[in-house]
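Report on one structure; see the data block that follows.
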Amino acid sequence: MDHIIEIEHLCKSFGDIKAVQDLSFIVKKGELFAFLGINGAGKSTTISMLCGQLKKDSGKISVCGNDVEHNFDKISRKIGVVFQNSVLDAPLTVRDNLRSRASLYGITGKKFEKRLSELAELLDFSDLLSRPLGKLSGGQKRRIDIARALLHEPEILILDEPTTGLDPQTRRLLWDVVNTLRKENQMTVFLTTHYMEEAADADYIIILDSGKIAAKGTPLSLKNEYAGDFITLYGIEEASVKQLGMEYEALRDAFRISVPNTAKATELILSHSSLFKDYEIIKGNMDDVFLAVTGKKLAGGSEK
Amino acid sequence: MTGLFNMIRRNLRLFFKDKGLFFSSLITPLILLVLYATFLANIYKDSFASVLPQGITVEDELLNSTVVCQLTASLLAVCCVTVAFCSNLLMINDKANKNINDFKVSPVKNSTMAVGYYFASAASTLIITFTALAVCLVYIATQGWYLSFADVLFVIGDVFMLTLFGTALSSCINFFLSTSGQASAVGTIVSAGYGFLCGAYMPISNFSEGLQNVLMFLPGTYGTSLIRNHMMRGVFAEMQACGFPDEAMVGIRDGIDCNLYFGGNEVSTGLMAAVLIGSVVLFTGIFVLMNKLKKNR
């Protein structure tokens, strides 16, 4: 699989603050790549450098084989960016906004109308075309932001916290569209998010902490490495659970026992088979991984 | 080219969508005209009448027209620049709202964006300054019309070039601004000071020689004199027809800056126009170049 984004030893400081420190990673073509981190971890700074908006201090950023600093003209036609906040013109209608942006890529006239109708159908905003962007709800605006990023059919879609503050229905729609485009067009998606369930669907995850890579891997490998398993045990007395000598948590009608990994869980079950009549083993989730890696909790955009 | 055309269209649409900005820009020259007519017209008239050569009488219509032409020429000279500063805010708004980020990730060149901002701002400013010019011409017609068709065409050309000059100058200054507060502060300073610097509020012939020499290096001075020359050609011709001696005509022209002297030499209107056009080309070039060379942080 091609390396569509390559970042090597990337550094960026603002005065004394080291926003990004020696960051190196690759993104493969067609994958969903997730960047996790609390506010200030360096995610948006990295994206700004990736999009040619911010000058790096040192290191190398290559997109589709082109150096960002010297060949951004070539890169700009291959990337579509959904910024954290809408950067479209609030007083203009949706159609005018998309027309003005499409023309930047040479998409005009009938070509534009065709692309507009495709995107309006895909993102379900045909009824919003004549409305001023500023009058739309947050979810509606987000759909237009995504349409703008997809106007020129980019190879890479960069999503900077795209679903923060969105209702579940719009989040679902957004991900359905992104997944469809990934399947049909082999589009690569570079995502930063605060939502762990979104990161859990990624092909590869990097967790940033204070501008450095704190952990990286597939969701499974991260869970295996940083989050233990949980055995939920039903229909048993607390005294019996205590006999296991493991850390546990009492639920309404069950007990949840923490084990370091699946092998340990299996060992525990086999050695106390009489107690394990009704149970389930669940792997730790990305929240547990994040907490284990950074010592911090993430919940919908804020550090806890 | 399509991208540039659409950038200009987008910028113009945004300008006219902000009705408060459009109407406040439009109404400013009209308010100034009313204030001039109300408070300054009679003072100018009395002042002009008091310096007339002995033995020469001037009809009221000619006197009124002289004063009104001088006032409206000054007003237009100031407005073409100050209105440009008021209407040339989109570039700053795009920075403040971060909309500029959307253009930066697209293939559009910085220089194309700069030209887009420049033309849109010039077009919106021209609508306002030509409206002000139309009102001024109507006002002149009510007081005494001595302009020829050629004079009107020259004045239209002067307003056009002065507006482009104001747009280019404001573009160069606004390039460094990133918030509407900064833009507002600069607009206030320019509105307050430009009229004095270009010799519109007070003819620079009233200033000390040292200050006059400094002001002669500013292109705005030539713009004001140029528009004043074209606006007042008709009344001067009428004065000469009425028997004004040549020395008196030179005195009047010197007194209201229709004659400008650089290093002791009189500057012709052709040279004034050349300075103005050169300044437009220079400042527009600087603005485009600054955008072209702009580096990310």
Study note, to complete from the structure: Going through segment A:162-177 in order, the residues found to be crowded, with 22+ Cβ neighbours inside 10 Å and not polar (S, T, N, Q) are A:Pro162, A:Leu174
Check your understanding: Does segment B:254-268 contain at least one residue that is in a loop (DSSP other than H, G, I, E, B), surrounded by 15 or more Cβ atoms within 10 Å (Cβ to Cβ) and in contact (Cβ under 8 Å) with a residue 40 or more places away in the chain?
Key -> yes
Exercise for review: From A:Gly30, A:Gly59, grab the single residue that is more than 14 Å from every other protein chain (Cβ to nearest Cβ), touching an Asp or Glu at 6+ places or on another chain (Cβ under 8 Å) and either over 29 Å from A:Gly138 (Cβ atoms) or buried (at least 20 other Cβ atoms within 10 Å of the Cβ) (or both).
Suggested key: A:Gly59
Check your understanding: Regarding A:Leu128, is this residue closer than 18 Å to A:His152 by Cα and either surrounded by 20 or more Cβ atoms within 10 Å (Cβ to Cβ) or more than 8 Å from every other protein chain (Cβ to nearest Cβ) (or both)?
Key -> no
Point to revise | Qualifying residue in segment A:164-176 (condition: out of contact with any Leu (no Cβ under 7 Å at 6 or more places or on another chain), touching a residue at least 24 places away in the same chain (Cβ under 8 Å) and assigned to a strand (DSSP E or B)) | key: no
Exercise for review: Among the candidates B:Phe103, B:Phe119, single out the residue that is in a helix (DSSP H, G or I) and within 14 Å of chain A (Cβ to nearest Cβ).
Suggested key: B:Phe103
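Listed here are the residues, each with its yes/no results for (1) in contact with a Leu (Cβ under 7 Å, 6 or more places away or on another chain); (2) aliphatic (A, V, I, L, M).
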residue: B:Leu218; (1), (2): yes, yes
residue: B:Ile227; (1), (2): yes, yes
residue: B:Gly243; (1), (2): no, no
residue: B:Asp257; (1), (2): no, no
residue: B:Ile277; (1), (2): no, yes
residue: B:Phe283; (1), (2): yes, no
Practice item. Please go through segment A:106-115 and pick out each residue that is more than 14 Å from every other protein chain (Cβ to nearest Cβ) and in contact (Cβ under 8 Å) with a residue 12 or more places away in the chain. Key: A:Arg115
Revision key, fill the gap. Within segment A:74-96, restricting to residues that are under 18 Å from B:Ala96 (Cβ atoms) and polar (S, T, N, Q), the one that is surrounded by the most Cβ atoms within 10 Å (Cβ to Cβ) is A:Ser86
Check your understanding: Taking the condition assigned to a helix (DSSP H, G or I) and modelled with pLDDT of 95 or more, does B:Thr188 pass?
Key -> no
**Study point:** One residue from A:Leu104, A:Leu123, A:Leu151, A:Leu157 being under 22 Å from the mean Cα position of the chain (by Cα) and at pLDDT below 95
**Key:** A:Leu123
Point to revise | All positions within segment B:148-169 that are in contact with a Leu (Cβ under 9 Å, 6 or more places away or on another chain) and crowded, with 22+ Cβ neighbours inside 10 Å | key: B:Val155, B:Asp158, B:Val159, B:Leu162, B:Thr163, B:Leu164, B:Phe165, B:Thr167, B:Ala168
Practice item. Inspect segment B:59-66 for any residue being surrounded by fewer than 19 Cβ atoms within 10 Å (Cβ to Cβ), within 14 Å of chain A (Cβ to nearest Cβ) and touching a Cys at 6+ places or on another chain (Cβ under 9 Å) and give the result as yes or no. Key: no
Check your understanding: Of all residues in segment B:269-297, how many are among the hydrophobic types (A, V, I, L, M, F, W, C) and not in a helix (DSSP H, G or I)?
Key -> 1
Check your understanding: Of all residues in segment A:62-103 being among the hydroxyl-bearing types (Ser, Thr, Tyr) and more than 8 Å from every other protein chain (Cβ to nearest Cβ), which is farthest from B:Lys17 (Cα to Cα)?
Key -> A:Ser62
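Residue-wise test of (1) assigned to a helix (DSSP H, G or I); (2) facing chain A (nearest Cβ under 10 Å); (3) exposed (fewer than 12 other Cβ atoms within 10 Å of the Cβ).
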site	(1), (2), (3)
B:Met7	yes, yes, no
B:Phe16	yes, yes, no
B:Phe22	yes, no, no
B:Ser25	yes, no, no
B:Pro29	yes, no, no
B:Leu33	yes, no, no
B:Ile43	yes, no, yes
B:Phe48	yes, no, no
Point to revise | Which numbered condition A:Asp89 fails, given (1) more than 20 Å from A:Ile156 (Cβ to Cβ); (2) part of a strand (DSSP E or B); (3) charged (D, E, K, R) | key: (2)
Check your understanding: Does A:Leu23 count as more than 15 Å from A:Ile156 (Cα to Cα), surrounded by 17 or more Cβ atoms within 10 Å (Cβ to Cβ) and either free of Cβ contacts under 8 Å to residues at least 40 places away in the same chain or within 14 Å of chain B (Cβ to nearest Cβ) (or both)?
Key -> no
Practice item. Could you give me the residue pairs with C-beta distances under 7 Å whose first residue belongs to segment A:253-276 and is farther than 9 Å from A:Phe230 by Cα, whose second residue is small (Gly, Ala, Ser) wherever it lies, and which are 6+ apart or on separate chains? Key: A:Leu275/A:Ser240
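The values are calculated or read from the model by the stated rules, or taken from the named source; none is laboratory data. Keep in mind it's a predicted model, so treat the numbers as computed, not measured. When we count neighbours, we look across all protein chains shown, and the Cβ atoms used for this are built from the backbone with ideal geometry, even at glycine.
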